[in-house]
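K.L.:
I have a structure here, written as structure tokens, and I will follow up with some questions on it.
The values are calculated or read from the model by the stated rules, or taken from the named source; none is laboratory data. None of these values were measured; they are calculated from a predicted model. As a convention, Cβ positions derive from the backbone with ideal geometry for all residues, glycine included, and neighbour counts pool all protein chains shown. Just the protein is used for accessible areas: all its heavy atoms, side chains included, with ligands, DNA and RNA removed. Shrake-Rupley method; radii C 1.70, N 1.55, O 1.52, S 1.80 Å.
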Amino acid sequence: MEKGNLSIHSENILPIIKKWLYSDMDIFVRELVSNGADAITKLKKLADFGETTLDDGEEFFIRVVLDKANKQITIEDNGIGMTADEIKEYINQIAFSGANAFMEKYSEKTDASGEIIGHFGLGFYSAFMVADKVQIDSLSYKKGAEPVWWESDGSIEYSMDEGGKNTRGTKITLFVGESGEEFLEIWKLRSILTKYCGFVPVPVFIDEIKEPEEKSDTDTETETAPPTPVNDTSPLWIKPASECTDEEYKAFYHKVFTDFNEPLFWIHLNMDYPFRLKGILYFPKMKHDLEYIEGQVKLYNNQVFVADNIKEVIPEYLLLLKGVMDCPDLPLNVSRSFLQNDATVKKMSGYISRKVADKLNGLFKKNRDEYNGYWDDIAPFIKYGCIKEREFYDKIKSSVLYKTIGNKHQTLDEFLMDAPIVEEKKNVHYVTNEQLQSQYIQMFKEQNLSAVFLTTNLDTPFVNYLEMYETGVKFTRIDSDITDALKDDDVSQDDTQPEGLEARMREILGNEKLTVRTEPLKSADVSSVLLLSEQSRRMQEMSKMFGGGQLPPGMFEEELTLVLNRNHTLVQKLMGFAENPERAADTELITEHLFDLAMLSHKPLQPDQMTAFIRRSNKILEMAAGA
């Protein structure tokens, strides 16, 4: 028996000894199964190169077996196997990757698509995260090879001897310690295999050794069903898009994401140069508040799951989507869970972003009606993407839609071109609350004017973003001012409001900062409207968004303007009463009611305001009825 010390690369000693190799303990299953898949892939490649021969119809496998009673987990493959010398080189010299030597030897025979093995080196040692002792039994594919046995307790010491394995491949036995006892449950192991190895390109089976039970005389032998692998060795993303049906895309979506809703549409990614990337991105039905949008983009490396939502590879705004991406060329670090932010990764991110923009632009151009139907669901994703990435905005801006109060979906250019008067060709009026701003919407519709709906929290920064890059275009909320198109040209603009009316109304309403003005509006049904300046409102929204309620009270006060419609009978009565001291009570009553009517189209009244409004309404009805 040979005994010795492991040769350890000093820069890796601490992560190994302290078991900080991985952030999640269940990673050991992924690493050991992946190594088994790599060993089988190498054997197949050697057969392709004529270095060895395989039996016709030979079936390859990885088998995970749980022996709970003896606290053991074994992971076995029928791949390339190892000789004693190879164990010394690849196992005893920690952090030396056998993939490097193999790839160098066969580099001339292997093209870019012939991925052989992971570049992870330390994967085997993840076993010591859960095991107090690990054994290797291996038999190489090489003619005349002798089986070899290896054992270590996780220290720098190992034992090595002739083994007893009589079939090609490698079996790793984990003697599970206290830190790994949670993995001595078959359901736990199965869930980990499904998560990390659900698409490994070699069939993976799981079994459990159970203590024998005594048979009764009445027991009869029954034929057992053939074992079923826990994985799908040919996931949809490795197939050419031309060979995939809509039904297959939907079935794969439901299987991977357990989402019973149908995806809106999807993008099949397939690139071989300058890096390899395959995958499918799905556009799910989305809610309008980003806080509640939870996407999930799963990242794989040669069909082995790495992590969800890695923003270094996948642009942040795409994390609102659901999908899978297989990137064999990712520069992973030793933990295989975090990426080095290098040029390759940036190229991948840019490629993915361009493909998404191309897909959306293609839908917009080829099937506008279908694209319009998707808009409410995909708008949050697109707007967020525009804000986060200027290049994405530049590519997609011609396909960004706005839903109008006339129930149309228009691009910004289409909306501005439809403006009925020249002065409005660069101005976009918008609605943030259809219910509260219904009076303004009705006024616009009556004059054949249009406005767009921008009703989500995301729209505030989106509008600010648009105004930076769309030269001359200005967004104005529908209740921030009275556009000239709503004013009556037939009424003289020289008519002035009675002297002292504004001061008297301020006094009645107890608001010294309120601006009051009269305008001849075309809609005679509207008595008064309340305007909040666009700048004032945006400053308030920004203070709420970024100030977190910590800004001094009153720092951004409302700049309110009460507009009275001179074409309305009630306003005309008020203007007549204002200069008559005997009608002071009526002036006060009408002033308060006109203000509350205007406020109701601006925001909900406070409880005490609503109580006063109802009481006043009853009084007005009594006066009208002569009671």
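K.L.:
For segment 475-485, does any single residue satisfy the condition of being surrounded by 20 or more Cβ atoms within 10 Å (Cβ to Cβ), of a type in the set (S, T, Y) and on the phi < 0 side of the Ramachandran plot?
P.N.:
Yes: one or more hits.
K.L.:
In the set K425, K408, which member is of a type in the set (K, R) and under 34 Å from the mean Cα position of the chain (by Cα)?
P.N.:
K408
K.L.:
Something else now. Restricting attention to segment 401-428, and to residues there that are of a type in the set (A, V, I, L, M) and in a loop (DSSP other than H, G, I, E, B), which single residue is most open to solvent (accessible area, probe 1.4 Å)?
P.N.:
I421
K.L.:
Condition first: open to solvent by 50 Å² or more (accessible area, probe 1.4 Å), in a loop (DSSP other than H, G, I, E, B) and at pLDDT 95 or above. Now tell me which residues in segment 241-269 satisfy that.
P.N.:
T245
K.L.:
Search segment 43-63 for residues that are within 15 Å of K142 (Cβ to Cβ) and open to solvent by less than 90 Å² (accessible area, probe 1.4 Å) and pair each with any residue that is outside any loop (DSSP other than H, G, I, E, B) and among the aliphatic types (A, V, I, L, M) when their beta-carbon atoms are under 8 Å apart and the residues are at least 6 apart or on different chains.
P.N.:
Pairs that qualify, where the first residue is within 15 Å of K142 (Cβ to Cβ) and open to solvent by less than 90 Å² (accessible area, probe 1.4 Å) and the partner is outside any loop (DSSP other than H, G, I, E, B) and among the aliphatic types (A, V, I, L, M), are T52/L43; T52/L46; L54/L43; L54/A47.
K.L.:
Sort out which residues of segment 618-627 are open to solvent by 60 Å² or more (accessible area, probe 1.4 Å) and either β-branched (V, I, T) or not in a helix (DSSP H, G or I) (or both), and write them in order of number.
P.N.:
Within segment 618-627, G626, A627 qualify.
K.L.:
Restricting the search to segment 67-88, which residues are closer than 15 Å to G163 by Cβ and open to solvent by 20 Å² or more (accessible area, probe 1.4 Å)?
P.N.:
T74, E76, M82, T83, A84, D85, E86, K88, listed by residue number.
K.L.:
I've got another one for you. Checking S398 against (1) surrounded by 14 or more Cβ atoms within 10 Å (Cβ to Cβ); (2) of a type in the set (S, T, Y); (3) without any contact (Cβ under 8 Å) to a residue 40 or more places away in the chain: exactly one of these is not met. Which one?
P.N.:
Against the list (1) surrounded by 14 or more Cβ atoms within 10 Å (Cβ to Cβ); (2) of a type in the set (S, T, Y); (3) without any contact (Cβ under 8 Å) to a residue 40 or more places away in the chain, S398 comes up short only on (1).
K.L.:
Can you tell me which residue is farthest from V400 (Cα to Cα) among those in segment 429-462 that are surrounded by fewer than 15 Cβ atoms within 10 Å (Cβ to Cβ) and acidic (D, E)?
P.N.:
E446
K.L.:
Scan (1) modelled with pLDDT under 85; (2) closer than 17 Å to T561 by Cα; (3) open to solvent by 60 Å² or more (accessible area, probe 1.4 Å); (4) not acidic (D, E) for the single condition L532 breaks and write down its number.
P.N.:
(3)
K.L.:
For segment 535-553, which residues satisfy the criterion of being at pLDDT below 65 and either of a type outside the set (A, V, I, L, M) or touching a Gly at 6+ places or on another chain (Cβ under 8 Å) (or both)?
P.N.:
Within segment 535-553, F546, G547, G548, G549, Q550, P552, P553 meet the criteria.
K.L.:
Within segment 589-617, count every residue that is open to solvent by less than 80 Å² (accessible area, probe 1.4 Å) and in a helix (DSSP H, G or I).
P.N.:
Number of matching residues: 19.
K.L.:
Let me ask something additional. For residues that are part of a loop (DSSP other than H, G, I, E, B) and of a type in the set (S, T, N, Q), tally how many sit in segment 45-79.
P.N.:
4
Residues checked against (1) surrounded by 17 or more Cβ atoms within 10 Å (Cβ to Cβ); (2) within 15 Å of S398 (Cβ to Cβ):
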{"position": "T344", "(1), (2)": "yes, no"}
{"position": "S349", "(1), (2)": "yes, no"}
{"position": "A357", "(1), (2)": "yes, yes"}
{"position": "N367", "(1), (2)": "no, no"}
{"position": "Y374", "(1), (2)": "yes, no"}
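K.L.:
Looking only at segment 304-317, filter to residues that are closer than 22 Å to Y273 by Cβ and touching a Gly at 6+ places or on another chain (Cβ under 9 Å); which one of those is modelled with the lowest pLDDT?
P.N.:
Filtering first and then ranking leaves I314.
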